[in-house]
Amino acid sequence: MEQAPALTPFPLDVLLGRIAHEWETRQRIFDLPTARFWKKADGVDLSMEFMGRPAATPVGPAAGPHSQMAQNIVLGWLAGARVFELKTVQVLDELDIERPCIDMETIGFNIEWSQELLVAESLEEYVKAWMIIEILRHWEPLKPFIGDDSGPYVFDMSVGYDLAGIQTDKVAGFMDSLIDAGPEIERLRPLIPEPFAEFRDHPFPTRVSDSLTLSTFHGCPPDEIEAMVKHLMDRHGLDVIVKLNPTLLGFPRVVEILQKDLAYEHIRLNRLSFVDDLEIDRAVDLITDLQKYAAGRDRKFGVKLTNTMVVNNDRDFLPADPMYMSGPPLHVLATSLLDDLLSTMPGTFKVAGHDGPVQVSFSAGVAKGNISATVGMGVAPATLSSDLLRPGGYGRLEPMLRQLEKDMAENGAATLEEWHQYSWEQARAAGFRGPAEAHMTDIVKGHGKKQYDLYAHEDPPRSVDHDLEMWGCVACNFCVTVCPNDAFFRLPTPEGSDMSGRQQYFVLAELCNECGNCMVFCPENGDPAQVKPKLYLDRGRFELGTGQGFLLRPDGDGVSIKARQGSEPEIERLDRLLNDPAEGLPVRAADL
Ligand SMILES: Cc1cc2nc3c(=O)[nH]c(=O)nc-3n(C[C@H](O)[C@H](O)[C@H](O)COP(=O)(O)O)c2cc1C
Ligand code: SF4
Ligand code: SF4
């Protein structure tokens, strides 16, 4: 039997129709409540420059599950993200990734590292997200929640993983089509539906992205990295950031930090990955040469700390070995690497106290508890994946930004530059080389350590001794918030119904890639993505699927429901819930 694709994105008209309908019926957008929309605070300016481009906050999703589909990127933007490292695109776009692929039970592991869509679909997702954000930032009903000026934002492409791949017509065409997205925007423009008719002639900016973060996969030879950066600058005129791996710290230092200082003795490092990866001496030459190369061509160059850490799979969850570690311990490794690089190459990096030309972007265990210290080191942006995969999801960004604003305001910093200066002076007064060493010392040896070591992360998420059923559950809402694709939604249980629980939960099957994240966090026994009613909007996907599932077709003002495995009572319940005029299906039936 033909296999269903991992994901089937919703077209622009369905996404925009959903936004209008969801707003009207429940004042949420893609399930995010307005309390989690970010609005600039008075008196504190979080804006930064990303490779010379303005961004209203220094935060955003790292290349990963939160920057792959249009609704994911829009959710990040609503919650305050302003720099988006788009999910990595590579020429091999029909890889069969094993599932589940994400394990956030403790610190963070995964086994997926490039797009699950066809390259052409990824292009469409990024342009759709760009158009939706452009519409929403001008949409009057949102202004009370996001402000009159929600500020600039940057889409930063990510490609990998070798020179031959990025030179193919497919990947080169992808990059060219984001640098000038005019044709793609015009192709999508007729799909803007009635509730947003005022935007049908909107002058959407056509340059969606002209910077790129190169994802260097573990084991990518240094000469290949250099050749790729030069090619991207010369052939595509891009400003380029190279994403470095934590192996750059060297095997002994990683062992010392991870296993000795943080007590993750059970995590088995993959020694081969250190042999194959870039080493510090070569990295120093590479950074020096590429900065010179960029400056000679009026281009900008930066580094990103860091990609994930390769480790052997000693857990019983992900079906592949090795796996890739992210989250809290990676934060300690990346901070140490930053401190090492600053000592080895003084005056090179554009961070507090150095004033060099090379931008340092950061992605390693960024969370509310360390955002102020992270940004205080001068790195920008601070991007994240793992923390957004925890309960609260995209809604964790707004409190994170509020924390940064609060810390800045309390210490008299009105801008990020003033915050860097404050952090620098504090660190120097305490006898450190700078804020990177101060932060590293705190999280390896000081009070901060207890947020990063094994003992802080060994307890699994809470659980109750009950088997998950299609109807009713403890209604914790975790499946809705931990899903990066917003595949889950909930509806209140109707008065007098025979279903238990306050809320009922549903999966939009085409948006679920069976990553496993909702299963990890669901306190009941079972996989919500398999047990809760799977709703299909696409007949082809419905026919390819197996197990329980329901096809929705437009029917008058509502939907008709067809079950894959005949079950009248289930159809009756769904009919009552999905066709409820008060809330009902968040997608407009007319758009199906
Ligand atoms: C599920 C998952 C998928 C990821 N996919 C990519 C990818 O496609 N390209 C990439 O360069 N990095 C990828 N990453 C790495 C992240 O961009 C990030 O660098 C890393 O996870 C560290 O940040 P964190 O600790 O906040 O997760 C992925 C990470 C996760 C958790
Ligand atoms: S519904 Fe669950 S398994 Fe599916 S994509 Fe979302 S989190 Fe992953
Ligand atoms: S299905 Fe599980 S995760 Fe979702 S609301 Fe119910 S108990 Fe919570």
Count - residues of the stretch 506-515 that are within 14 Å of ligand 1 (Cβ to nearest atom) and in contact with a helix residue (DSSP H, G or I) (Cβ under 8 Å, 6 or more places away or on another chain): 2
For a quick check of your reading of the model, give me the residue pairs whose first member lies in the stretch 266-292 and is in a helix (DSSP H, G or I), whose second is of a type in the set (Ser, Thr, Tyr) and open to solvent by less than 60 Å² (accessible area, probe 1.4 Å), with beta-carbon atoms closer than 6 Å and at least 6 apart or on different chains. Ser273/Thr247; Phe274/Thr247
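Okay, residues lined up against (1) within 18 Å of the chain's Cα centre (by Cα); (2) closer than 24 Å to Met51 by Cα:
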position: Leu86; (1), (2): yes, yes
position: Gln90; (1), (2): yes, yes
position: Asp93; (1), (2): no, no
position: Pro100; (1), (2): yes, no
position: Asp103; (1), (2): yes, no
position: Gly108; (1), (2): yes, no
position: Ile111; (1), (2): yes, no
position: Gln115; (1), (2): yes, no
position: Leu118; (1), (2): no, no
Of the residues that make up the stretch 135-153, is at least one open to solvent by 60 Å² or more (accessible area, probe 1.4 Å), free of Cβ contacts under 8 Å to residues at least 40 places away in the same chain, under 21 Å from Phe204 (Cβ atoms) and not in a helix (DSSP H, G or I)? yes
Which numbered condition trips up Pro205, out of (1) closer than 19 Å to Arg53 by Cα; (2) in contact with a His (Cβ under 9 Å, 6 or more places away or on another chain)? (2)
Checking Asp321 against (1) modelled with pLDDT of 95 or more; (2) of a type outside the set (A, V, I, L, M, F, W, C); (3) open to solvent by 40 Å² or more (accessible area, probe 1.4 Å): exactly one of these is not met. Which one? (1)
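A quick yes/no check of all residues on (1) at negative phi; (2) surrounded by fewer than 24 Cβ atoms within 10 Å (Cβ to Cβ); (3) assigned by TED's automatic domain parsing to the domain that holds Arg187:
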residue: Glu22; (1), (2), (3): yes, yes, no
residue: Gly52; (1), (2), (3): no, yes, yes
residue: Thr57; (1), (2), (3): yes, no, yes
residue: Ala62; (1), (2), (3): yes, no, yes
residue: Ala81; (1), (2), (3): yes, no, yes
residue: Asp93; (1), (2), (3): yes, yes, yes
Top-ranked residue of the stretch 463-478 - restricted to ones that are in a loop (DSSP other than H, G, I, E, B) and farther than 14 Å from Arg502 by Cβ, ranked as nearest to ligand 3 (Cβ to nearest atom): Leu468
Pairs only if they're at least six apart or on different chains, beta carbon under 9 angstrom, first in the stretch 30-47 and without any contact (Cβ under 8 Å) to a residue 12 or more places away in the chain, second open to solvent by less than 50 Å² (accessible area, probe 1.4 Å) and in a strand (DSSP E or B); list them, first residue then second. none
Does Val507 meet the test of being open to solvent by less than 30 Å² (accessible area, probe 1.4 Å) and either closer than 27 Å to Thr546 by Cα or away from ligand 3 (no atom under 12 Å from the Cβ) (or both)? yes
Would you check if there is a residue in the stretch 165-174 being in a loop (DSSP other than H, G, I, E, B), within 15 Å of ligand 1 (Cβ to nearest atom) and either farther than 22 Å from Arg28 by Cα or not polar (S, T, N, Q) (or both)? no
When you scan the stretch 489-571 for strands (runs of 3 or more DSSP E) that lie fully inside it, which ones turn up with 2 or more residues that are at pLDDT 95 or above and more than 16 Å from ligand 2 (Cβ to nearest atom)? 550-555, 558-563
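Determine which member of the set Ala413, Ala382, Ala367 is surrounded by 21 or more Cβ atoms within 10 Å (Cβ to Cβ) and within 16 Å of ligand 1 (Cβ to nearest atom). Break it down into steps so the answer makes sense when it comes.
Working: Ala413 fails: within 16 Å of ligand 1 (Cβ to nearest atom); Ala367 fails: surrounded by 21 or more Cβ atoms within 10 Å (Cβ to Cβ).
Unique residue meeting the criteria: Ala382.
The values are calculated or read from the model by the stated rules, or taken from the named source; none is laboratory data. Small disclaimer: the values here were computed from a predicted structure and weren't measured. Neighbour counts are summed over all protein chains in view; Cβ atoms, including those assigned to glycine, are modelled from backbone coordinates with ideal geometry. Protein only, heavy atoms only, side chains kept; ligands, DNA and RNA dropped before computing areas. Shrake-Rupley method; radii C 1.70, N 1.55, O 1.52, S 1.80 Å.
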